[in-house]
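These notes are about the structure you will find just below.
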Protein chains: 2
Amino acid sequence: MGSSSGFHHADHANYASILSKEETLEQLLLSYEALSDDQTNWVCNLSNASSLIWHAYKSLGVNVNWAGFYVSHGNEKDTLILGPFQGKVACQTIQFGKGVCGTAASKKETQVVHDVNKYPGHIACDGETKSEIVVPIISNDGITLAVIDIDCLDYKGFDEVDKKFLERLGNLINKSCTFK
Amino acid sequence: MGSSSGFHHADHANYASILSKEETLEQLLLSYEALSDDQTNWVCNLSNASSLIWHAYKSLGVNVNWAGFYVSHGNEKDTLILGPFQGKVACQTIQFGKGVCGTAASKKETQVVHDVNKYPGHIACDGETKSEIVVPIISNDGITLAVIDIDCLDYKGFDEVDKKFLERLGNLINKSCTFK
């Protein structure tokens, strides 16, 4: 889908405002599948995935202030390191088990946090964040490869619908990317 | 500078609106140096650098629609692959010598393009882009490691001042990052 067809890569980040949440997140998954077709480079794919997530939530009117990834591969054992994202500058490293990201990574369970200030050991990269969802990306061998992290300026920004679709995105990322 | 001091990582992306262009871009360089201190992971550092660039230009009132990196390391020879960025979804790969990014990478010279539609062989990832600056990041051995790429929705978005500061950023990135 090159520019000659009139469709540009950037158009994947355009979501119609009339779509329901489920329709928007389904479009996100379809766009990710199209963009990662024939592309296994994890940095490339997670960079575009960050953009898809950011623009999907903006189109839904969710007040996201950060959307991106922390990755575990290739680094010190049990440390997450900052990956591609959209939003303001972020903490570079997070220990497994610490905060929302570290807990999702070590427990291998999605964390939906309605109020980050009530979360034990919350790590504030941005003092304005009110709620957060973190979804672990698990390899076929059961290893935490990375986490999807989205922050919101409002309380209760995310729910079980987000969890369901973002876990599907995590599965697509595991299938499409070579983490090396 | 953890959250206990009241200063969060995200605050690096806050630039005062009263600053001149030179002061804002100088602050960008200082923030990059602080953030890359003790951190050599190129994905982590380029992800935060994308955020610093994006928010610096937004604070200056420059209508940027994309700010980020294409990298050459670890990939097929003479191919750039998409790295961390802020903005809409982007083309995954660019051949050396093709378009503004590929030309900066192969000539190892910054390209300041006032009107992308007049640039021979321009690759449109986003049909709305009007002007662009691309700065190569060159290793100590003279190899193109990556390029800094910033797009603008207005004509003549960038000039020699941007070139000067972004080339300094490119040097800092070469010194601080291990591309492997």
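Within region A:51-59, does at least one residue satisfy the condition of being facing chain B (nearest Cβ under 8 Å), hydroxyl-bearing (Ser, Thr, Tyr) and on the phi < 0 side of the Ramachandran plot?
So the first thing to find is which residues in region A:51-59 are facing chain B (nearest Cβ under 8 Å), and the list is A:51-52, A:55.
Filter again for hydroxyl-bearing (Ser, Thr, Tyr), leaving A:51.
Keeping just the survivors that are on the phi < 0 side of the Ramachandran plot gives A:51.
Yes: region A:51-59 contains one or more residues that are facing chain B (nearest Cβ under 8 Å), hydroxyl-bearing (Ser, Thr, Tyr) and on the phi < 0 side of the Ramachandran plot.
Output the residue which, of all residues in region A:41-50 that are under 12 Å from the mean Cα position of the chain (by Cα), surrounded by 24 or more Cβ atoms within 10 Å (Cβ to Cβ) and more than 7 Å from chain B (Cβ to nearest Cβ), is nearest to residue A:129 (Cα to Cα). Write out each step before concluding.
Here is the first cut: in region A:41-50, the ones under 12 Å from the mean Cα position of the chain (by Cα) are A:45-50.
Still in the running and surrounded by 24 or more Cβ atoms within 10 Å (Cβ to Cβ): A:46-50.
Adding the requirement that they be more than 7 Å from chain B (Cβ to nearest Cβ) leaves A:46, A:49-50.
On the way: A:46: 22, A:49: 21, A:50: 18 Å.
This residue is A:50.
I want to confirm something. Restricting to region B:94-122 and keeping residues that are of a type in the set (S, T, N, Q) and touching a helix residue (DSSP H, G or I) at 6+ places or on another chain (Cβ under 8 Å), which single residue is nearest to residue A:45 (Cα to Cα)? Before the answer, list the steps.
Initially, region B:94-122 is screened for residues of a type in the set (S, T, N, Q), giving B:95, B:103, B:106, B:110-111, B:117.
Those still in the list that are touching a helix residue (DSSP H, G or I) at 6+ places or on another chain (Cβ under 8 Å) too: B:95, B:110-111.
Values: B:95: 18, B:110: 26, B:111: 26 Å.
Within region B:94-122, the match that is nearest to residue A:45 (Cα to Cα) is B:95.
Restricting attention to region A:106-143, report how many residues are over 25 Å from residue B:8 (Cβ atoms) and of a type in the set (S, T, N, Q).
Of the residues in that region, 2 qualify.
With (1) at pLDDT 95 or above; (2) in a helix (DSSP H, G or I) as the list, and residue B:66 as the residue in question, which single condition is left unmet?
Of (1) at pLDDT 95 or above; (2) in a helix (DSSP H, G or I), only one is false for residue B:66: (2).
The values are calculated or read from the model by the stated rules, or taken from the named source; none is laboratory data. Predicted, not measured: the structure shown is a model, and the values here were computed from it. Glycine gets a Cβ as well: all are built from the backbone with ideal geometry, and neighbour counts include every protein chain shown.
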